[in-house]
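No value in this document is a laboratory result; all are computed from the given coordinates. For clarity, every value in this text was computed on a predicted model and none was experimentally measured. Positions of Cβ are generated from backbone atoms using ideal geometry, with glycine treated the same way; all protein chains shown enter the neighbour counts.
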Amino acid sequence: MTTKIILDTDIGSDIDDAVCLAYLLAQPECELLGITTVTGEAARRAMMASALCRAAGKPGIPIYPGAETPLSPIAQQQPAAKQASALNRWPHETQFPAGRAVDFLRDTVQHHPGEITLLTIGPLTNIGTLFRDYPATARLLKGIVMMCGMFSDRFTKTGHSRPVEWNAKLDPVATDIVYRAPVAVHRSIGLDVTLQVTMPMPDVRARFQAKLLRPVLDFAEVWFQEASGITFHDPLAATTIFDDSICGFERGTVTVELQDEKGLGRTCWQPGAANAPHEAALAVQPERFFEHYFGVVEQAK
């Protein structure tokens with residue numbers, strides 16, 4: 001039996017979004033119902049998603065460019081999809097439905113009540129808008145899995161506040177809306193664990209030879225102009241949908257900082273009882289993750 005998934009992504013900024021999408025396209029247990037893109041140059045991000053879908057032999061997956069302006073009264077901090085500069089080497093669609101991402105999310109969730117897992121790996125503007133405008137959709141989801149936040153002090157220096165994770169920071173108002181939404185399974189994979197799953201540039205170039213990873217490697221070469229490797233933030237979140245033993249989860253309550261200007265979007269974690277509304281990953285097995293990820297992607301046709 002497959003798992004129905006909708007992916008919300010800011011593909012084109014950090015390379016891990018493309019690494020994640022390649023995994024979903026290769027995962028035989030994933031039924032990818034659609035993709036929505038978010039933040040600046042959403043249409044170019046949609047083109048990148050289209051290139052990977054075509055490379056996977058799945059050109060019919062619906063792709064909708066979404067919001068480019070955050071719900072929060074702050075400037076867009078991610079205006080460009082830099083990796084789209086590598087698109088000329090890969091066939092892709094160039095025309096997409098404009099202004100319909102949230103409607104697509106609403107209609108698809110309503111058509112499959114209790115069946116869809118929403119995977120969010122970018123700023124939460126699209127999903128915050130969905131839950132704000134159509135609050136009933138939250139209860140219709142099977143679950144939401146998010147690469148978002150930070151929930152322990154593992155990487156915090158003594159005397160310093162916990163960092164604000166990028167996806168949460170880019171639209172704190174939307175982040176708050178999403179964490180307040182009554183989704184049956186509300187799971188977060190944050191920096192606490194994703195920072196433990198990395199690969200240096202030479203190893204990426206050597207390992208990313210599978211068919212689905214070749215366009216990803218082209219996009220990664222743009223990323224490597226400013227970075228020395230990959231942190232598998234988003235792929236880690238995706239793999240937990242299909243193997244939840246990769247991470248260790250605890251239940252609790254997440255609140256979002258909206259008052260402290262320097263800490264806007266910071267996720268505050270309060271451990272709780274078994275019926276607490278949120279799950280957060282607080283441990284990870286990196287070797288198990290890499291074995292699972294490449295086992296799926298390298299076996300794809």
So, with points 7 Å from each Cα along the Cβ direction, the residue 270-residue 301 label distance in nm works out to 5.2
The chain: longest segment with zero exposed chymotrypsin sites (Phe, Trp or Tyr not before Pro), where exposed means DSSP loop plus at most 16 other C-beta atoms within 10 Å, is residues 1-154
Among segment 1-32, those whose backbone N falls under 17 Å of a label point 7 Å along Cα→Cβ from residue 184 are 1-6, 31
Residue by residue through segment 172-184, the couplings from Karplus 6.51 cos²θ - 1.76 cosθ + 1.60 with θ = phi - 60°, in Hz, x for Gly and Pro, are x, 4, 5, 4, 5, 4, 5, 6, 8, 6, x, 8, 4
In order over segment 196-211: 3J(HN,Hα) from phi, Karplus 6.51/-1.76/1.60, θ = phi - 60°, whole Hz, x for each Gly or Pro, gives 8, 10, 10, 8, x, 3, x, 5, 4, 4, 6, 8, 7, 10, 5, 3
Extension length gain for residue 201 and residue 111 (0.36 nm per residue less Cα distance), in nm, is 28.2 nm
In units of 2.2 N^0.38 Å, the Cα radius of gyration of segment 1-159 is 1.04
Highest GNM mean-square fluctuation among 56, 46, 18, for the chain with Cα springs under 10 Å, belongs to 56
When the charge dipole of segment 3-297 is computed with +1 on Lys and Arg Cβ and -1 on Asp and Glu Cβ about the Cα centre, the Cα farthest towards its positive end, among 101, 190, 76, belongs to 101
Matching label for the computed Cα extents along the principal axes in Å, out of [x] 46, 41, 41; [y] 62, 56, 33; [z] 61, 45, 37, is [x]
The FRET efficiency for residue 245 and residue 103, from their Cβ-Cβ distance with R0 = 41 Å and rounded to 0.05, is 0.65
Expressed in Å to one decimal, the Kirkwood Rh of segment 179-301 from all distinct alpha-carbon pairs is 16.3
In order over segment 233-250: 3J(HN,Hα) from phi, Karplus 6.51/-1.76/1.60, θ = phi - 60°, whole Hz, x for each Gly or Pro, gives 3, 6, x, 4, 4, 5, 5, 5, 5, 9, 8, 7, 8, 5, 10, x, 10, 10
Any lysines whose Cα falls less than 26 Å from that of residue 58, other than same-chain ones fewer than 8 residues away, would be 4, 82, 142, 211, 301
